[in-house]
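A.B. asks: Sending over a structure as structure tokens; questions will come in a sec.
The values are calculated or read from the model by the stated rules, or taken from the named source; none is laboratory data. These figures come from a predicted structure and were not determined experimentally. Note: ideal-geometry Cβ built from the backbone for every residue, glycine included; neighbour counts use all protein chains shown. Quick note on the areas: whole protein, heavy atoms, side chains included, nothing else; ligands and nucleic acids left out. Shrake-Rupley method; radii C 1.70, N 1.55, O 1.52, S 1.80 Å.
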Amino acid sequence: MPDKRSAADALVVFSPSGHRGRVALNVSVLDAARMLGVDLDSVCGGRGLCGRCQIEVGEGDFAKHGIRSSADHMTPGNAAEATYAEHKGLKPGRRLACHARILGDLVIDVPPESQVHRQVVRKRAEARAIELDPVLRLHVVDVAEPDLEVPSGDAERLTAALADTWNLDGLTVDPAVLAECSSALRSGHWTVTAAVRDGSRIVGVRPGFTDHAFGLAIDVGSTTLAAHLVNLADGSVPATASAMNPQIRFGEDLMSRISYAMDQDRGADEMTAAVRAALNELAGQAAAEAGVERGDIYETVIVGNPIMHHLVLGLNPEPLGVAPFALAVDGAVRISARHLGLELASGAEAYLLPCIAGHVGADAAAMILSETPFERDEVSLLVDVGTNAELVLGNRERLLAASSPTGPAFEGAQISAGQRAAPGAIERVRIDPNTLAPRFKIIGSDLWSDEPDFEAAITATGITGICGSGIIEAVAEMALSGIITPEGAFPADGGRRFVLYGGEPEIAVTQADVRAVQLAKGALYAGAKLLMDLFGVVCVDRIVLAGAFGSHIDPVYAMALGMIPDCDPACVSSAGNAAGTGARIALLNAAARTEIETVVKRVEKIETAVAPSFQKYFVDAMTIPHATDAYPNLRRILQIPLPKKSADQPRRRRQ
């Protein structure tokens, strides 16, 4: 429903929650946030003392919301804000929501540290055996002192010593480390540890002996960022730092960000600067947590979808928004980490895995590297579930890849009571088929809502909303229990919402919520069905759900909703953050880089946007679980309605 305009009020949109509404002019941003149910912290009661209500204002035209936002649409900073900034510090562009009053339309970003229920970013390095063979190795060496009789430079004597001691012939010295080379030699009394990349280039010199050499495996997601600090010597992960992607304020989905780049003169530059600054901050957080110096981080591997990949590199993403969805570069990229704004070792390098196609990126390549479908005989379907799902289907004979525009519904956005995964969010739902009474679990408690100690267990968090895994199970359970029809409709003689929690705030699933989930799951299934059709199979042997969100989906409910094709539930598994794991593999094993660069060249790229059959598959997939597919494996464990339409005759798997 469009927001009704009035000369006495303004439209305010809060990011990343997506809450929006019209509020009276001269109302404080903090009061507006409370009126709209935005998760904005404040302890001092609006006196400007605690500083927990800090916000940032989006600048420019936001076509998605139909408004122009500007810092001029708030009252100027006052004495209380100036006093706080003087004593405790206030980042440039930040305001205190309790003192900033609304004078016009605004897009307001609530940073993670200002949120009461801060994001639980579910990305972690998964345990996986990796053969350690990094591109960078440390070598301790004694270097000859300068000799008036035999004049030579410090760098030349260092390379000669490494050749003599370690048989490293033909070494070059990265110009970025020349200064530290001379100082390290003297402070180390001519004994140093040299960091050598690819056995050919000196990229770091430390005085004396050190075994500190670290790398970063970075997953740049549309919604979340994760940086894993990895010890290059043993592959351990002493620290992980994660955060929301600050680009969310420019657009929740990828196409919104491309539109921002198109509509704003320096839109792409703004998004590049934002994500680079966030990644640099994560690098510092991970290093501090592990007690590691930034200068001991020599290698970085970065993965992400094509748009994130291009924005990190500072490349124009606009061609990715229109056919033929041309990439600026699809091969692997090696670039100075400093060029990307990462303050690491002087000679630190970033490696970005190759992209597969205009909508299938380096994160999908990393997922392939992690799950190795190219080494298997059985047909695997890999699904990285996110705002833009990426799918890979195949085996050692053939690989196909595609992306599917699922949108943000699976991450709690576009849902009336939706939120991202944080303590207090409903994440599991069950509905009694006889009484239709719901029960649920929330993040932060292991108890179900009908258990005796539930109320006491949730005192600290409360019940705040429903996240992606919760809405999937809720809609699936509603269909299984007959609350909605397989077509997703509430009965004509009943209400158009189902209440899961009748407290404050009330958590209900509306007809619009069901439709949003149907659109998302229909797009995901249609993408998988298109790949299966092109591959020549009617079923797959194995399904792997990946991604920060995909790893928390119950496979049975993913099938009950119709997100994924039918499969033996025992053969549906979670790979956790497979993209992050693939990045860690590429960080720790030089041969893995060559391997994935070779594998992606034989992946067949399928563009769902121009595939004639995608729309038909999408329409059929709107039904829960599906209009024609019978789901025989699922029927063995759940009672689901038979499809009303007659299914196509099954095709035999291509031999």
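A.B. asks: Mind ordering 336-344, 165-173 by average Cβ neighbours within 10 Å, highest first?
C.D. replies: Highest-to-lowest ranking by the protection proxy: 336-344, 165-173.
A.B. asks: Just reorder 403, 187 by solvent-accessible area, largest first, 1.4 Å probe, all chains present.
C.D. replies: Most to least solvent-accessible, the answer reads 187, 403.
A.B. asks: Also: Just order 406-413, 505-512, 431-438, 563-570 by mean Cβ neighbour count inside 10 Å, highest at the front, would you?
C.D. replies: 406-413, 563-570, 505-512, 431-438
A.B. asks: Grab the Cα-Cα distance for residue 604 and residue 233, subtract it from 0.36 nm times how many residues apart they are, and report the gain in nm with one decimal.
C.D. replies: Separation in residues times 0.36 nm, less the Cα-Cα distance, equals 129.9 nm.
A.B. asks: I've got another one for you. Sketch the reach of a paramagnetic label on residue 456 as a point 7 Å from Cα along Cα-to-Cβ, and name the residues of the range 412-445 whose backbone nitrogen lies under 16 Å away.
C.D. replies: Only 445 pass the distance filter.
A.B. asks: Follow-up. In debye, nearest 20, what is the charge dipole magnitude of the range 307-380 about its Cα centre with +1 on Lys and Arg Cβ and -1 on Asp and Glu Cβ, if you could check?
C.D. replies: Computed charge dipole of the range 307-380: roughly 300 debye.
A.B. asks: While we're on this one: Restricting to DSSP H runs of at least four residues, report the calculated mean residue ellipticity at 222 nm for the chain, -39500 (n - 2.57) per run over all residues, nearest 500 deg cm²/dmol. Please list the in-between numbers first.
C.D. replies: Numbers: 17 runs with 178 residues, N = 655.
Rounded to the nearest 500, the figure is -8000 deg cm²/dmol.
A.B. asks: Take residue 179 and residue 198, extend 7 Å from each Cα along the Cα→Cβ direction, and tell me the distance between the two endpoints in nm.
C.D. replies: So the label points at residue 179 and residue 198 sit 2.5 nm apart.
A.B. asks: Would you mind working out the magnitude of the charge dipole of the range 382-530 relative to its Cα centre, with +1 at each Lys and Arg C-beta and -1 at each Asp and Glu C-beta, to the nearest 20 Debye?
C.D. replies: So the magnitude is around 600 debye.
A.B. asks: Can you list which of the DSSP-assigned H helices in the chain have a Cα extent of 24 Å or more along the long axis and an average Kyte-Doolittle score of at least -0.5?
C.D. replies: Flagged H segments are 267-290, 511-535.
A.B. asks: Now for a separate question. Please give the contour-minus-distance gain from residue 436 to residue 533: 0.36 nm per residue of separation, less the Cα-Cα distance, rounded to one decimal in nm. The partial results should precede the final answer.
C.D. replies: Details: separation 97, 0.36 × 97 = 34.92 nm, distance 3.81 nm.
Additional length available on full extension: 31.1 nm.
A.B. asks: Mind listing which trypsin sites (Lys or Arg not before Pro) in the range 24-92 are in a DSSP loop and have 13 or fewer other Cβ atoms within 10 Å? Walk me through the numbers before you get to the answer.
C.D. replies: On the way: sites: 34, 47, 52, 64, 68, 88; in loops: 47, 52, 64.
Passing sites in the range 24-92 are 47.
A.B. asks: Carbon and sulfur: what percent of the chain's accessible surface (1.4 Å probe)? Display every interim value, and only then the final one.
C.D. replies: Working: 13730 of 26600 Å².
In the chain, the share of accessible area belonging to carbon and sulfur is 52 percent.
A.B. asks: With both partners inside the chain, how many of the DSSP beta bridges are antiparallel, as a percent to the nearest 5?
C.D. replies: Counting DSSP beta bridges with both partners in the chain, the antiparallel share is about 65 percent.
A.B. asks: Would you mind computing, in nm to one decimal, how far apart the modelled labels at residue 447 and residue 85 are, each placed 7 Å from Cα along Cα→Cβ?
C.D. replies: Each label point is offset 7 Å from its Cα along the Cβ direction, giving 4.7 nm.
A.B. asks: Sort the following peptides by mean Cβ neighbour count (other Cβ atoms within 10 Å, averaged over residues), highest first: 322-330, 370-378.
C.D. replies: Averaged packing, sorted descending, gives the order 370-378, 322-330.
A.B. asks: Give the accessible surface of the chain per residue, rounded to a whole number of Å², with probe radius 1.4 Å and ligands, DNA and RNA excluded.
C.D. replies: Heavy-atom accessible area per residue stands at 41 Å².
A.B. asks: Would you kindly state how much longer the chain becomes between residue 493 and residue 130 on full extension, computed as 0.36 nm times their sequence separation minus their alpha carbon distance, in nm to one decimal?
C.D. replies: Values: separation 363, 0.36 × 363 = 130.68 nm, distance 5.86 nm.
Between residue 493 and residue 130, full extension yields an extra 124.8 nm.
A.B. asks: Mind giving me the nanometre distance, one decimal, between the label points for residue 160 and residue 504, set 7 Å out from Cα along Cα→Cβ?
C.D. replies: Each label point is offset 7 Å from its Cα along the Cβ direction, giving 8.1 nm.
A.B. asks: Further question on the same structure: Taking the Cα centre of the chain as origin, sum charge times position over the Cβ atoms of Lys and Arg (+1) and Asp and Glu (-1), and report the length of that vector in debye to the nearest 20. Could you put the intermediate results ahead of the total?
C.D. replies: Numbers: 60 positive and 81 negative charges, 375 e Å.
My answer is approximately 1800 debye.
A.B. asks: For the chain, what does the alpha-carbon gyration tensor say about shape, rounded, prolate or oblate, given a ≥ b ≥ c as the root eigenvalues, a/c under 1.5 as rounded, and a/b over b/c as prolate?
C.D. replies: Verdict is oblate for the chain.
A.B. asks: Considering the dipole of the range 183-307 built from charges on the beta carbon (Lys and Arg +1, Asp and Glu -1) around the Cα centre, which of 277, 248, 189 is farthest to its positive end?
C.D. replies: So the residue furthest toward the plus end is 189.
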